[in-house]
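The values are calculated or read from the model by the stated rules, or taken from the named source; none is laboratory data. All figures in this text were calculated on a predicted structure; none of them were measured in a lab. Cβ: placed from backbone, ideal geometry, glycine included. Neighbour counts: every protein chain shown. Side chains included, ligands, DNA and RNA excluded: accessible areas come from the protein's heavy atoms. Shrake-Rupley method; radii C 1.70, N 1.55, O 1.52, S 1.80 Å.
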Amino acid sequence: METAIEARSVRKHYRGAERPALDGFDLRVAAGSVCALLGRNGAGKTTAVRILTTLLAMDDGTATVAGHDVRADGDGVRRAIGLVGQNAAVDEILGGRANLVLFGRLRGLSKAAARARAAELITRFGLDDAADRAVGTYSGGMRRRLDLAASLVLAPSVLFVDEPTTGLDPDARREVWGTVRRLVDDGVTVLLTTQYLEEAEELAGHVAMLRDGRVVLEGSPAELTSLVGDTRVEATFEPAAADVAGAAARVAEPYAVGPVAVSRSTVAVPVADAVAATRVCGAWAREGLEPHDVAVRRPTLDDVFMHVNRTVSEEAR
Amino acid sequence: MNSLAHDAMVLAGRTVGHWRAQPVPFLVTLLFPVLVVLMMGGLFGGAIAGSAGDYVPFVVPGVLALTMLFGLETTMAAITTDAARGVTDRFRSLPMHSGAVLAGRCLADLAASVAGLAAMTLAGFALGWRWSGGVDGVVAAYGLLLLLRFGLLWVGVYLGLKAPGPEAVAAIQILVWPVGFLSTVFLDPATMPSWLGAVAEWNPLSATADAVRELFGNPGVAGGSWPADHGQLLSVMWPILMVVVFAPLSAAAYRRSNR
């Protein structure tokens with residue numbers, strides 16, 4: 001498969017910083033896919049985006065975007081990309097339409113072509129009512145939509161979206177997700193950075209987890225979650241004098257595919273699938289063990305995240 | 001890559017769009033120097049020159065030069081605001097000519113300064129200010145004023161790129177005042193303590209104020225010192241020095257603006 005973004009051993013150490021922001025950062029994103037760069041604040045996500053979009057020079061390593069070397073052919077990279085989010089913004093004083101015309105003209109469109117394209121994008125992003133109002137008066141969601149529109153004036157082949165939904169309410173967040181999905185349908189490669197696991201699961205086919213400036217784990221969301229284990233039945237029992245939870249654990253044992261965990265009144269039973277989960281519950285009912293609360297949980301990226309953090313800090317020790 | 005001229009014009013057009021969208025701040029910038037002349041002339045003119053009317057021919061050319069210094073904060077504010085809001089990053093992620101952002105800033109700010117000079121000139125005329133020099137001298141005087149603005153522009157760009165945030169502009173807004181007063185804009189340095197007078201005479205603002213007074217045929221300072229007698233030379237040299245020092249620094253800071 002064709003590669004849209006490739007970074008190898010990228011290193012960046014900001015002057016005065018204690019540790020490098022990126023330290024052996026490797027990443028490969030297939031053309032037409034969505035890759036989520038997932039990590040906490042300070043993991044190096046934004047630095048990676050800034051280097052790949054030519055805003056920041058790397059100390060060491062190589063990177064290509066859409067076939068252009070980031071160092072040697074910055075202009076080629078800039079022609080191929082769009083940048084949205086934390087570090088790319090729009091003019092607050094001008095209206096949405098004027099912003100789009102401005103960015104169109106800076107991308108080399110004629111005045112008439114830039115106007116026509118702006119009108120098209122205004123409608124596509126649902127900004128008709130606010131097109132000529134100062135962007136300073138826009139809501140967070142509208143701004144982010146305009147931000148996305150501004151990076152699409154000339155369809156980019158690779159779009160960088162840096163924490164697109166930070167600070168947005170749930171409705172606006174879904175709106176942005178919808179927009180990103182439509183872009184992917186159009187064949188754009190998207191590199192998304194986020195701290196929200198939910199967002200990565202929603203949008204990305206490939207997730208790379210960033211910690212201390214390097215990718216510590218990557219794969220599809222399903223691959224990552226399978227790393228930390230199976231489906232679990234989690235049940236909470238009345239903390240009675242008798243050890244109800246302990247009894248429930250013993251009853252569940254035959255159905256479990258791994259060790260059953262008991263902590264005070266809660267029991268967690270790893271099972272093969274949802275059918276096995278209902279059998280566990282049935283067995284409890286037959287024994288007269290009545291849980292307060294039962295949940296069947298698939299591992300989430302959150303679990304992966306905690307798993308990764310644990311593993312990395314154990315290695316460091 | 002787009003051409004530098006095209007991108008610079010588009011970006012200057014963006015600033016014109018700002019003026020249209022928010023005419024009030026633009027008009028305030030335009031008319032503030034007029035207010036300064038009215039205030040200084042009305043309040044201190046009598047004390048300085050005997051009467052407000054006698055002070056006008058001295059103070060109007062001075063304030064024309066001061067108007068150019070006020071431009072510093074316009075430039076700086078525009079640059080820091082764009083950097084803080086991430087607009088600069090958006091520009092830098094576009095396939096634009098690398099000099100376009102700064103060139104566009106130059107064009108827009110010089111245009112604003114031409115408007116500022118026009119407003120101040122009209123106000124000066126209304127107050128009875130006249131030039132008695134020839135057309136050549138008048139053209140040269142306005143040329144020197146814009147040259148000073150051009151020099152200060154690069155100082156403003158550099159300060160704007162280095163400023164931690166838009167709040168820093170407030171500091172410059174305050175600091176232009178001592179720089180303005182410690183010059184020949186309002187007063188003859190002969191009336192100051194000698195060391196302070198010497199500082200005022202070497203002030204780049206004084207060089208331009210002295211030079212344009214001479215070119216307009218307006219009354220000047222008493223003179224007698226080297227800087228006071230070489231106003232025209234200094235009024236060319238100071239802005240060139242500013243450009244030579246701050247344009248490369250600005251270009252380097254812009255390329256490195258990796259906040």
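Got a sec? Which of B:69, B:117 is part of a helix (DSSP H, G or I) and open to solvent by 10 Å² or more (accessible area, probe 1.4 Å)?
Checking each option against the conditions leaves just B:69.
Can you find, within region B:27-39, the residue that is farthest from residue A:91 (Cα to Cα) among those that are hydrophobic (A, V, I, L, M, F, W, C) and surrounded by 19 or more Cβ atoms within 10 Å (Cβ to Cβ)?
B:37
When you look at residue A:125, is it buried (at least 23 other Cβ atoms within 10 Å of the Cβ) and under 24 Å from the mean Cα position of the chain (by Cα), yes or no?
no
From the set of residues in region B:7-23 that are touching a residue at least 12 places away in the same chain (Cβ under 8 Å) and facing another protein chain (nearest Cβ under 8 Å), which is farthest from residue A:91 (Cα to Cα)?
Per the stated criteria, the residue is B:7.
Tell me, which strands (runs of 3 or more DSSP E) lie completely within region A:175-256 with 2 or more residues that are surrounded by fewer than 18 Cβ atoms within 10 Å (Cβ to Cβ)?
Qualifying strands (runs of 3 or more DSSP E): A:214-219, A:231-236.
In region B:206-223, which residues are assigned to a helix (DSSP H, G or I) and among the polar types (S, T, N, Q)?
Hits for region B:206-223 are B:206, B:208.
Given the structure, is residue B:89 without any contact (Cβ under 8 Å) to a residue 40 or more places away in the chain, under 24 Å from residue B:174 (Cα atoms), at the interface with chain A (Cβ under 9 Å from one of its Cβ atoms) and outside any loop (DSSP other than H, G, I, E, B)?
no
Quick check on region A:100-117: of everything there that is open to solvent by 50 Å² or more (accessible area, probe 1.4 Å) and among the hydrophobic types (A, V, I, L, M, F, W, C), which residue is farthest from the other protein chains (Cβ to nearest Cβ)?
This residue is A:116.
For every residue, the table says whether it meets (1) more than 25 Å from residue A:214 (Cβ to Cβ); (2) modelled with pLDDT of 95 or more; (3) not polar (S, T, N, Q).
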residue	(1), (2), (3)
A:52	no, yes, yes
A:56	no, no, yes
A:62	no, yes, no
A:75	yes, no, yes
A:83	no, no, yes
A:86	no, no, no
A:91	yes, no, yes
A:97	yes, yes, yes
A:101	yes, yes, yes
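Please specify each residue of region A:200-217 satisfying the condition of being within 30 Å of residue A:270 (Cα to Cα) and in contact with an Asp or Glu (Cβ under 9 Å, 6 or more places away or on another chain).
Those that are within 30 Å of residue A:270 (Cα to Cα) and in contact with an Asp or Glu (Cβ under 9 Å, 6 or more places away or on another chain): A:206, A:207, A:208, A:209, A:215.
Mind counting the residues in region A:271-309 that are surrounded by 16 or more Cβ atoms within 10 Å (Cβ to Cβ), among the hydrophobic types (A, V, I, L, M, F, W, C) and farther than 19 Å from residue A:229 by Cα?
Number satisfying all stated conditions: 4.
Taking the condition of being facing chain B (nearest Cβ under 9 Å), surrounded by fewer than 21 Cβ atoms within 10 Å (Cβ to Cβ) and under 30 Å from residue A:309 (Cα atoms), how many residues in region A:43-98 meet it?
Matching residues across region A:43-98 total 2.
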